[in-house]
1. For THR246, which of the numbered conditions (1) in a helix (DSSP H, G or I); (2) out of contact with any Phe, Trp or Tyr (no Cβ under 9 Å at 6 or more places or on another chain); (3) at pLDDT 85 or above; (4) surrounded by fewer than 16 Cβ atoms within 10 Å (Cβ to Cβ) fails to hold?
2. Select, from GLY153, GLY185, the only residue that is within 23 Å of the chain's Cα centre (by Cα), within 17 Å of GLY81 (Cα to Cα) and open to solvent by less than 50 Å² (accessible area, probe 1.4 Å).
3. Working only within the stretch 213-228, note down all residues that are modelled with pLDDT under 85 and open to solvent by 40 Å² or more (accessible area, probe 1.4 Å).
4. Kindly provide the set of residues from the stretch 268-277 that are open to solvent by less than 50 Å² (accessible area, probe 1.4 Å) and without any contact (Cβ under 8 Å) to a residue 40 or more places away in the chain, ordered by number.
5. Within the stretch 118-149, can you find the residues that are of a type in the set (A, V, I, L, M) and either free of Cβ contacts under 8 Å to residues at least 24 places away in the same chain or buried (at least 19 other Cβ atoms within 10 Å of the Cβ) (or both)?
6. Scan ARG171, ARG183, ARG202 and give me the residue that is on the phi < 0 side of the Ramachandran plot and either part of a loop (DSSP other than H, G, I, E, B) or touching an Asp or Glu at 6+ places or on another chain (Cβ under 9 Å) (or both).
7. Among all residue pairs at least 6 apart or on different chains, which show Cβ distances below 8 Å where the first residue, located in the stretch 74-86, is without any contact (Cβ under 8 Å) to a residue 24 or more places away in the chain and the second is assigned to a helix (DSSP H, G or I)?
8. Between a first residue in the stretch 220-237 that is of a type in the set (D, E, K, R) and a second residue that is open to solvent by less than 50 Å² (accessible area, probe 1.4 Å), which pairs have beta carbons less than 9 Å apart while being 6 or more apart in sequence or on different chains?
Amino acid sequence: MESRSGTPAPAVTTAVAPPARPSPVRPGWRGAWHGVRPTERLCHVTGAVLVLSGLAHLAVFAVDGGPWDGPVSWRKPVTFGLSFGLTLIAITWVTSYLRVGTRLRSALLVVFAADCVVEVGGITLQAWRRVPSHLNMETGFDTAVSMTLAVGGVVLVVLLTVFAVASFQNRPTGPLGMPLALRSGFAILLVALASGAAMIARGVVLTRTGHQEAAYHSTAPLKPLHGVSLHAVLVLPTLAWLLSHTPWSDRTRRRVIQAAVGCYAAAVLGAGVWAALTW
């Protein structure tokens, strides 16, 4: 196009905006769940079912009533369902930071999940039958259930000890503070296993010598120690994971983890002293 003076008019250019960059796709919960290994998914679902079982029996207790303490109560399916469910979920998660072969870890987790189901199932069955679950040798069936729970306890000790040893053989992976949290959690878990074995051993001895009622009450002094030390492997690694998502410095996060480990160890020590004084 030319202007009236005969000189060509300057060309009009239209600025074209560059194409917008696609926003990064962040994996949602569904995508993260599909990325979980089948064995881990099985264990997480099983743990959730056990937790729901514990909560359901809490509702049963609220409706049916009855004593909370003692060898025959709804407390046992509640506490064991919640405890075993949370422990199974925790062990499935924290062992992903251990330097253990994939096949070996999967096999151990499957056995661990099956054992948790057997333990909670046996305890729940006996609660509905209104008879003690542990140290009960009154009938042949009760003896079979009690011995199954005892053997299951031995299996739990072996499996968790294998994972504990693995956490100390090779430094675990994970964010800052996770190796200390894992090793401390597994070390304290061994205290829970030892106290649980002591409760069963003393109860069996009292039962075999004709002191059935004393056997049911003999576990009371060690229950706080067993309960407190059982969940360190969940609490401490969870704290380390949460701290990794804070803007705090490495030094601060390290000090928080160290303080948490010290406080947890002090709580376990206090429960141990109380158990020794009341044993």
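1. Here THR246 meets the rest and fails (1).
2. The match here is GLY153.
3. GLU213, ALA214, HIS217, ALA220 - these are the residues of the stretch 213-228 that are modelled with pLDDT under 85 and open to solvent by 40 Å² or more (accessible area, probe 1.4 Å).
4. Selection gives GLY270 alone.
5. VAL120, ILE123, LEU125, ALA127, LEU135, ALA144, VAL145, MET147, LEU149
6. Answer to the check: ARG171.
7. ARG75/PHE61
8. Going by the 9 Å Cβ cut-off, the qualifying pairs are LYS223/SER195; LYS223/MET199; LYS223/ALA275.
The values are calculated or read from the model by the stated rules, or taken from the named source; none is laboratory data. Keep in mind that what you see is a predicted model, and the values were worked out from it rather than measured. When we count neighbours, we look across all protein chains shown, and the Cβ atoms used for this are built from the backbone with ideal geometry, even at glycine. Heads up: the accessible areas ignore ligands, DNA and RNA and are worked out on the full protein's heavy atoms, side chains in. Shrake-Rupley method; radii C 1.70, N 1.55, O 1.52, S 1.80 Å.
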